[in-house]
Amino acid sequence: MSNASVLDEVFSKFFSNAGIFKDREVLRHDYLPERLPHREEQIKRVGEAVAPVLKGARCSNIFVYGKTGTGKTAVTKYVLTRLEAKAKEIGSPVSFCYVNCRLAGTEYRVLASLCNSLQLHVPFTGLSAGEVFERFKVGLDSAKRLMLIALDEVDALVKSRSDILLYELTRINETLSQSKVSIIGISNDLRFKEFLDPRVLSSLSEEEIVFRPYDASELRTILAERAQMAFREGALSEGALSLCAALAAAEHGDARRALDLLRVAGEVAERRGANVVKEEHVREAEKLIEHNRVVEALANLTLHSKLVMLSVFHLVRANGYKAVTGEIYEVYNELCGELGIAPLTQRRVSTLVNELDALGLLNAQVTSMGRYGRTKKIRLEVTRTLVKEAFSSDSRLGRLIDYEPRCLSQGVRKN
């Protein structure tokens, strides 16, 4: 059978099948429902914090934090969308701009997004960040409005760049005469405040709102409401729904994960030609999602973090035991030499190991060596096959997978 006829068969089967889904889009995280269950208190608190702008007063800056999938983004967008609608109704000059800092990636792109919300054209590249910030300030002042800027995953910008942009934005009102700005910073990292300059922290954290994880019964309510809109009647078993909620509750009460599990389980059942989503489809979906999550996390690492992962990969492959920091640095140094790039300091590599440990890609345990002090033993938390899969498509790193570091055959220096 030719490739074309195989595809024709797949498409025809899909099209002729009555299907499991009524509307699968409601199971995506960026879908904003009419009701956000179990977040009434947070909605009220954010609403009370931003309400002063309706009377022309600048509201406090707000810092919203909690783990991934606890409803921070949904609640913020929900409140700001309704605030903007209310402002329009009463003729108050209020608007908001939402920017995902991880997706934007740089200060320039964050500022470009802010300019675009004011209909100010900024070229994709070519200007300095200072020039774009100046354009934003001039454009905002001439617009004469109260602006709420929601910076989602703001920790990603500060960690990869610096907190300079955040500092400038929290001080912007000092240079505006016709407009006012309030910042809503959203972070998944509970330790994010440690990265901030004290002046930025005091300005940003005028009001703090913490989102706790959902428990299994709360996740089940959220899933049941979405499932009603997403699936055809009778297409989802009670067991599959409960299993999705239980698995996500075990993973820190992450509603995003629960919704992903439910959607992918539905897609798995659809591909199998089943009429009902069952627990076995959820189990298969869990394996698929975990695999994709790890490969994506590895592929999105910085070059030096990838080289640290490869260093541990080579040590484990050669010796089959947990590596120590000194050994990793020896192999890392050699891999940098192979690519012709300058290595980072051993202290910086140690920080990268800690970051990879926090991401769940490495496991770093401090071990006592008696009178010789303490050392950190590091092992891979993901399979070597996944590391190969993630890096083999990278033109620079692909050849380093099968590379055999010389320092391993000579014996690396240990810490």
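The values are calculated or read from the model by the stated rules, or taken from the named source; none is laboratory data. This one's a predicted model, so the numbers in the text were calculated from it and none came from an experiment. Because the Cβ atoms are built from the backbone with ideal geometry, glycine has one as well, and the counts that use them run over all protein chains shown.
Could you say which residue among Gly360, Gly340, Gly326, Gly320 is under 29 Å from the mean Cα position of the chain (by Cα) and not polar (S, T, N, Q)?
Answer to the check: Gly360.
Report those helices (runs of 4 or more DSSP H) wholly inside the stretch 60-123 carrying at least 3 residues which are over 19 Å from the mean Cα position of the chain (by Cα).
In the stretch 60-123, 72-90, 107-117 are the helices (runs of 4 or more DSSP H) which contain 3 or more residues that are over 19 Å from the mean Cα position of the chain (by Cα).
Looking at the stretch 57-86, which of the residues that are touching a Ser or Thr at 6+ places or on another chain (Cβ under 8 Å) and of a type in the set (A, V, I, L, M, F, W, C) is surrounded by the fewest Cβ atoms within 10 Å (Cβ to Cβ)?
Across the stretch 57-86, the extreme among qualifying residues is Cys59.
With the checklist (1) touching a residue at least 12 places away in the same chain (Cβ under 8 Å); (2) closer than 28 Å to Thr81 by Cβ; (3) not hydrophobic (A, V, I, L, M, F, W, C) in hand, flag the one item Gln228 doesn't pass.
(1)
Do we have Val50 as at pLDDT 95 or above, under 27 Å from the mean Cα position of the chain (by Cα), surrounded by 14 or more Cβ atoms within 10 Å (Cβ to Cβ) and more than 22 Å from Leu190 (Cβ to Cβ) here?
So Val50 passes the test.
Tell me which residues, restricted to the stretch 351-395, are within 23 Å of Asn292 (Cβ to Cβ), modelled with pLDDT under 80 and charged (D, E, K, R).
Passing the criteria: only Asp394.
Wholly within the stretch 245-335, which helices (runs of 4 or more DSSP H) include no fewer than the required count, namely at least 2 residues that are within 20 Å of Val382 (Cβ to Cβ) and touching a strand residue (DSSP E or B) at 6+ places or on another chain (Cβ under 7 Å)?
Output list reads 303-319.
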